[in-house]
Amino acid sequence: MSDQRCGWCLGTPEYIAYHDNEWGKAVYDDQTLFEFIVLESAQAGLSWITILKKRAGYAKAFHNFDAVKVSQMTAGDIEHLMQDPSIVRNLLKIKATITNAQAFLKIVDECGSFSNYYWQHTNGVPIVNHFKTLAEVPAVTDLATIISKDMKKRGFKFFGPTICYAYMQATGMVNDHLDNCPSK
């Protein structure tokens with residue numbers, strides 16, 4: 001096999017940049033971890049490219065992913081966001097973003113950081129899988145189900161096992177780059 005990018009990212013420049021620079025790379029920074037909770041939750045039921053193209057809109061709408069500021073957003077803010085075409089205007093997802101910020105901050109209070117909570121599931125070490133084809137990459141794993149169930153119990157919304165696994169890939173807890181991918 002020759003070195004080539006994972007086939008899922010070849011559709012757009014946004015996908016290629018995301019694949020090459022972020023996907024599968026370990027993230028330990030709470031603000032970035034919160035950013036991906038916002039983005040992955042917004043993605044539920046949609047294509048990831050839709051969210052990537054609206055990423056700047058999400059950053060502006062949600063205070064550059066500052067969980068404290070997002071947790072304090074009001075009904076007036078929600079009303080304003082429902083008119084904002086730079087994000088997905090889904091009332092339940094917008095409300096979930098605020099709820100998720102509140103749940104995120106409770107974990108920060110409990111564990112010292114969200115990163116401490118999140119990475120305890122792998123002792124801080126990324127899981128590097130060795131897949132040769134995209135068909136081998138799972139949509140969900142037992143660990144994603146465990147994390148998702150715990151986060152849902154803690155109040156998170158739009159964070160089922162499939163979204164959780166995508167989150168794990170996005171934040172590099174899991175590296176699912178194919179073995180022949182130069183980003184591996």
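The values are calculated or read from the model by the stated rules, or taken from the named source; none is laboratory data. As the structure is a computational prediction, the values presented were derived from the model and not from experiment. Cβ coordinates were reconstructed from backbone atoms using ideal geometry, including for glycine residues, and neighbour counts include every protein chain displayed. Heads up: the accessible areas ignore ligands, DNA and RNA and are worked out on the full protein's heavy atoms, side chains in. Shrake-Rupley method; radii C 1.70, N 1.55, O 1.52, S 1.80 Å.
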Tally, over segment 79-111, of residues that are assigned to a helix (DSSP H, G or I) and either among the β-branched types (Val, Ile, Thr) or in contact with an Asp or Glu (Cβ under 7 Å, 6 or more places away or on another chain) (or both) = 6
Across (1) open to solvent by less than 20 Å² (accessible area, probe 1.4 Å); (2) over 28 Å from Ile127 (Cα atoms), Ala56 clears everything bar (1)
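Quick check: anything in segment 131-154 open to solvent by less than 50 Å² (accessible area, probe 1.4 Å) and at positive phi?
We begin by selecting, within segment 131-154, every residue open to solvent by less than 50 Å² (accessible area, probe 1.4 Å); these are 131, 137-138, 141, 143-145, 147-148, 150-151.
Subset that is at positive phi: none.
Taking every residue of segment 131-154 in turn, none turns out to be open to solvent by less than 50 Å² (accessible area, probe 1.4 Å) and at positive phi.
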Of the conditions (1) of a type in the set (A, V, I, L, M); (2) open to solvent by 20 Å² or more (accessible area, probe 1.4 Å); (3) touching a helix residue (DSSP H, G or I) at 6+ places or on another chain (Cβ under 6 Å), Val68 clears all except one; give me its number.
-> (3)
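Could you go through segment 157-174 and let me know if any residue there is among the charged types (D, E, K, R), within 30 Å of Ile98 (Cβ to Cβ) and modelled with pLDDT of 95 or more. So that I can check it myself, show each step before the final result.
Step one: of segment 157-174, the residues among the charged types (D, E, K, R) are 157.
Going one step further and asking which of them are within 30 Å of Ile98 (Cβ to Cβ), we end up with 157.
Now drop any that are not modelled with pLDDT of 95 or more, which leaves 157.
Yes, because at least one residue in segment 157-174 is among the charged types (D, E, K, R), within 30 Å of Ile98 (Cβ to Cβ) and modelled with pLDDT of 95 or more.
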Close pairs from segment 164-178: first among the charged types (D, E, K, R), partner surrounded by fewer than 24 Cβ atoms within 10 Å (Cβ to Cβ), Cβ under 6 Å, at least 6 apart = Asp176/Asn129; Asp176/Val137; Asp176/Gln169
Based on what the data block shows, is Gly45 of a type outside the set (D, E, K, R) and touching a helix residue (DSSP H, G or I) at 6+ places or on another chain (Cβ under 6 Å)?
-> no
Sort out which residues of segment 79-94 are farther than 14 Å from Ala44 by Cα and surrounded by fewer than 16 Cβ atoms within 10 Å (Cβ to Cβ), and write them in order of number.
-> Glu79, His80, Met82, Gln83, Asp84, Pro85, Ser86
Which residue pairs have Cβ atoms closer than 8 Å, lie 6 or more positions apart in sequence or on different chains, and pair a first residue in segment 6-29 that is over 22 Å from Thr133 (Cβ atoms) and touching a residue at least 24 places away in the same chain (Cβ under 8 Å) with a second residue that is open to solvent by 50 Å² or more (accessible area, probe 1.4 Å) and assigned to a helix (DSSP H, G or I)?
-> Glu14/Lys53
Positions within segment 162-171 being part of a helix (DSSP H, G or I) and surrounded by 19 or more Cβ atoms within 10 Å (Cβ to Cβ), in sequence order = Ile163, Cys164, Tyr165, Ala166, Tyr167, Met168, Gln169, Ala170
Odd one out for Gly76, checked against (1) assigned to a helix (DSSP H, G or I); (2) open to solvent by 80 Å² or more (accessible area, probe 1.4 Å); (3) farther than 18 Å from Phe36 by Cβ = (2)
For segment 140-163, the count of residues that are out of contact with any strand residue (DSSP E or B) (no Cβ under 9 Å at 6 or more places or on another chain) and without any contact (Cβ under 8 Å) to a residue 40 or more places away in the chain equals 12
Taking into account only those residues within segment 42-85 that are of a type in the set (Gly, Ala, Ser) and over 26 Å from Leu10 (Cβ atoms), which is nearest to the chain's Cα centre (by Cα)?
-> Ala67
